[in-house]
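Accompanying notes for the structure given below.
The values are calculated or read from the model by the stated rules, or taken from the named source; none is laboratory data. Keep in mind it's a predicted model, so treat the numbers as computed, not measured. Cβ coordinates were reconstructed from backbone atoms using ideal geometry, including for glycine residues, and neighbour counts include every protein chain displayed.
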Amino acid sequence: MRPRQRMLALVAAVALTVPMLGACGASGGTTTAGKQGCAAYEGETISLVVPFSPGGGYDSYARMIAPELAKRLKSKVIVENQDGAGGLLAINSLATEKPDGKRLAIMNAVGAGGAAIAGAPGAEFGLDNLSYIGRVGASFHIFSTSAKSRFKSFEDVRAANDFRYGSTGPGAADFVNGQMLKAIFKLKAKIITGFEGSEENELALTSGKVDGMTGDFDSRLPAIRNGDHRPLLLLGPKRDPQIPNTPALLELDLTPQQRALARSTVDLLSFGRPIVGPPGIPKDRLTCLRTTLQSVLQDKAFTAKAAKTGRPINWMSGADVDRLVQRLLNSPPEFRSIMKNAYAGEN
């Protein structure tokens with residue numbers, strides 16, 4: 001081939017190759033010309049959605065974290081409150097967002113995640129339809145009675161024929177806990193509902209209108225310390241040093257079937273408060289968000305400040321949250337059946 005012919009052939013080959021490269025970039029997500037990793041967020045605005053109204057614990061966590069993320073990502077991070085459907089509205093919406101990592105949410109994973117497992121009305125997402133950045137915090141729950149109660153131990157509860165368990169209502173964490181404990185231990189217990197909130201339920205326990213309740217450990221600890229309530233069982237993997245004489249659920253002598261249900265119950269409580277994004281965030285951006293969030297939540301000055309304000313950090317990496325989600329997705333059919341009944345209000 002003559003030199004001029006070779007040159008024309010080369011030009012034609014290049015002309016054919018360029019459109020093909022462009023097409024590959026369009027279908028493959030991030031193009032070579034696009035910014036990757038943390039560079040994609042520099043100068044951009046990121047929304048951190050709180051699925052509840054301003055002023056609560058989730059809102060406090062988000063407003064502590066947002067400026068630290070902004071500083072490290074060299075971006076603007078704004079907090080948005082999107083209340084509705086017990087936290088489901090915001091997560092339903094997030095699951096359909098563009099997967100660029102510019103819209104995230106702090107999720108009530110026990111409530112919203114439980115609803116997804118149960119297939120409850122209003123939950124329009126699956127646990128595998130989210131990107132998990134990392135867990136901000138989690139607290140196991142404590143099963144308590146009144147200090148004046150005749151129930152001195154969890155064994156007393158198991159032997160009872162007329163135990164009254166207080167709950168705010170179907171779908172609530174305390175209702176789910178009650179259903180799980182009844183199923184695991186075949187408790188002869190009646191779940192009493194209708195309390196406006198955990199504080200009203202706590203007052204009913206103190207006054208003897210109900211015999212027991214479960215609640216977030218950190219929230220229930222003051223009533224235990226001041227002598228109003230007696231802790232009988234921690235719904236967790238091991239004892240807490242603040243109440244060393246109280247057994248933990250997974251420490252008990254359980255049958256394989258009981259242990260499987262107990263393990264899934266503890267996994268759900270461990271889910272806690274993760275920060276999540278829509279499905280399909282590119283790996284380079286997801287890695288950036290995960291490492292940046294970890295640098296914030298493992299910063300000693302930040303964690304000390306958070307603890308001082310009553311918002312302790314209990315970090316779990318996004319990869320570990322992924323593994324936790326997989327365990328929940330593979331939970332026993334009986335666990336999912338109990339969850340479904342708990343959200344339907346069956347007592």
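Does any residue in the stretch 165-192 that is under 11 Å from Thr265 (Cα atoms) and in the same structural domain as Ala260 (by TED's automatic domain parsing) come within less than 7 Å, Cβ to Cβ, of a residue that is among the hydrophobic types (A, V, I, L, M, F, W, C) and assigned to a helix (DSSP H, G or I) six or more places away or on a different chain, and which pairs are these?
Short answer, once both residue conditions are applied: Val176/Met339; Val176/Ala342; Gln179/Ile338; Gln179/Ala342; Met180/Leu261; Met180/Ile338; Ile184/Leu261; Ile184/Ala262.
Check Gly236 against each of (1) more than 18 Å from Phe163 (Cα to Cα); (2) touching a strand residue (DSSP E or B) at 6+ places or on another chain (Cβ under 9 Å); (3) surrounded by fewer than 18 Cβ atoms within 10 Å (Cβ to Cβ) and name the one condition it does not meet.
With respect to (1) more than 18 Å from Phe163 (Cα to Cα); (2) touching a strand residue (DSSP E or B) at 6+ places or on another chain (Cβ under 9 Å); (3) surrounded by fewer than 18 Cβ atoms within 10 Å (Cβ to Cβ), Gly236 is out only on (3).
May I ask you to verify whether Gly310 is on the phi > 0 side of the Ramachandran plot and at pLDDT 95 or above?
no
I need a count of the residues in the stretch 220-232 that are buried (at least 16 other Cβ atoms within 10 Å of the Cβ) and under 21 Å from Gly137 (Cα atoms).
The number of residues fulfilling the criteria is 2.
Would you tally the residues in the stretch 172-215 being more than 28 Å from the chain's Cα centre (by Cα), closer than 21 Å to Leu234 by Cβ and of a type in the set (Ser, Thr, Tyr)?
1
Would you point out the residue of the stretch 276-315, among those that are hydroxyl-bearing (Ser, Thr, Tyr) and farther than 17 Å from Gly37 by Cα, that is surrounded by the most Cβ atoms within 10 Å (Cβ to Cβ)?
Checking each candidate, the answer is Thr303.
Just checking, does the stretch 316-338 include any residue being of a type in the set (Phe, Trp, Tyr), surrounded by 16 or more Cβ atoms within 10 Å (Cβ to Cβ) and over 24 Å from Gly56 (Cα atoms)? Before you say what the answer is, go through the steps one by one.
Step one: list which residues in the stretch 316-338 are of a type in the set (Phe, Trp, Tyr), which gives 335.
Okay, now just the ones that are also surrounded by 16 or more Cβ atoms within 10 Å (Cβ to Cβ), so 335.
Filter once more, keeping what is over 24 Å from Gly56 (Cα atoms): 335.
Checked the stretch 316-338: at least one residue is of a type in the set (Phe, Trp, Tyr), surrounded by 16 or more Cβ atoms within 10 Å (Cβ to Cβ) and over 24 Å from Gly56 (Cα atoms).
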